[in-house]
Amino acid sequence: MTALILGRAGKKILVLDKDHFPRTKVCGYSMNPRSWSIWERHGLAEGFHRLPHFQLGGFTLEHEGVSVLRHRFRDNKARTVDRAILDGWLAKEAQASGVDYRFGVAVQGLTATGVQTSDGEFAAPLIIGADGRNSVIARVSGLARPSRHCNRVAWQSYIEAPSLSDHVHMNVFPEGYYGINRIDSTRITATIVLTANASVTPEEILARYHPEAFTSSWKSVSPISRGPWEVTDGRCWLVGDSAQVLEPLTGEGISSALATAEMAARNILAIEQVGIAAATRQYRREHRRFYGRRMLINSFARWALEDYRRCLPIINGLKLWPAAVAQMVEWVQSPENPKLQPG
C-alpha cells in the first residue's frame, strides 16, 4: 500500500519481497469495516469488492466450546479475504502504479547508501520496513526495542468442516484461544493461539471442539504480543506489524497495517515541503495517536488472554452484561473509534 501511494505520486519505488505469490500467511483473514475508507480514498474499493470473499454477519464468543454470547454486526462491510489473494492483488496494483516489484529477494542488512540483499546491494535514500513482527529492517536500523519474552505461538490452517455460521467464532479455553471463520463458501480458516509450553497441539484443540473438522498442515508465528518500537529515524520507516503488534482477537491487524502504510506514505510525500525532521516528527505523532485510541481494548484483551485465570471472571461477567461486548465490537469496527458510551 505504501509503495502504491508513492508510485502513483511519481516516486521511484523498489519493493523487495523474499517470498513469491501466491502464498499463505498466519492470519485470521478478517477485514475490519474501517478498511473501506482506505480503499475508497485510493480508488480501490471496486477492485477489493471483486476479490473472492465472504461477508461476515457477526461475532460469537465461546468458552470451552459453549456459546457465551452472539452479536450481529450493524452493517455488511466486515469481510474475510484470503491473504494470498489480497496480497497478490495489492502487489499488482502497486506494479500498475510503476513500482518495481522483485520477488525472491531477501534483505540482509543496511549499507551506507541502501540495503544489502540476497541479490546484491540496492541504493535508496529512504527504506520502508513492512516486513512484519520480526522485522529485519527494525533490527538492523536500531529501531527495534528490547521487549519482554512472549510465551505464546499462533498457529493457522485451512480446515474442512461441514457447517459454520457467518460469524467470527472466538473460543477461549485453558491453553489459549482460537478464531474460526469462513473465507469463502467452501473454506474455513482457524487461527489458534497457544502458550509455547502447552501440552496440546493445534490438531488436538481442533479435535476437542470440532471433531468433525479436518486439516492437513499448520503454519506458526511468534511473538503474538510485543511492545511498540520506534517508527522512524528519518531514513527507515516502519509500518504495520513492524512497528506495532496487535492481539489477534480484535481482528484489527490488516486495517491497522493499511492505515499506517497510508500514514507513512503521506508523511514521506510531505518531506519536500516540510523537510525530513518535521515529516518524521509528524509520523511519530500520528502513529502514537492512531494506536493510542485503539490499544485500550486490545491491551485489555491481551492482558486477560495471557492468563486463563484472569479470563474466567471476565467471561462470567460478560454473560451478565452482553451489551458490553456488543459495544466493544462496534467500537473496534468504527472508522474513528468514538469514545465508549455507558449502557
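The values are calculated or read from the model by the stated rules, or taken from the named source; none is laboratory data. Note that the structure is a prediction, hence the values are computed from the model and not measured. Backbone-built Cβ (ideal geometry, glycine too); neighbour counts: all protein chains shown.
The residues in the range 111-157 that are closer than 30 Å to residue 215 by Cα and in contact with a strand residue (DSSP E or B) (Cβ under 6 Å, 6 or more places away or on another chain) can be counted, and the count is 8. If you filter the range 1-46 down to residues that are β-branched (Val, Ile, Thr) and modelled with pLDDT of 95 or more, you find that the one that is farthest from residue 109 (Cα to Cα) is 5. Among the residues here, residue 238 does not qualify as modelled with pLDDT under 95, crowded, with 17+ Cβ neighbours inside 10 Å and aliphatic (A, V, I, L, M).
Entry remark, the range 37-74: residues being in contact with a Pro (Cβ under 8 Å, 6 or more places away or on another chain), closer than 12 Å to residue 167 by Cα and surrounded by fewer than 19 Cβ atoms within 10 Å (Cβ to Cβ) number 1 in total.
In a residue-by-residue description of the range 307-322, the property of being within 30 Å of residue 267 (Cα to Cα) and at pLDDT below 90 applies to no position.
Among the residues of the range 232-257, those identified as outside any helix (DSSP H, G or I) and under 19 Å from residue 126 (Cβ atoms) are 232, 233, 234, 235, 236, 237, 238, 239, 243.
For residues in the range 162-187 being within 18 Å of the chain's Cα centre (by Cα) and touching a residue at least 60 places away in the same chain (Cβ under 8 Å), which is farthest from residue 58 (Cα to Cα)? In this case the residue turns out to be 177. One residue is enough: does the range 263-273 have a residue meeting the conditions more than 15 Å from the chain's Cα centre (by Cα) and in a loop (DSSP other than H, G, I, E, B)? Yes, there is a match, as at least one residue in the range 263-273 is more than 15 Å from the chain's Cα centre (by Cα) and in a loop (DSSP other than H, G, I, E, B). Just one of (1) within 26 Å of residue 230 (Cα to Cα); (2) modelled with pLDDT under 95; (3) surrounded by fewer than 16 Cβ atoms within 10 Å (Cβ to Cβ) fails for residue 165. It is (1). Taking the range 168-207 as the range and being crowded, with 22+ Cβ neighbours inside 10 Å, part of a helix (DSSP H, G or I) and of a type outside the set (A, V, I, L, M, F, W, C) as the test, only 202 passes.
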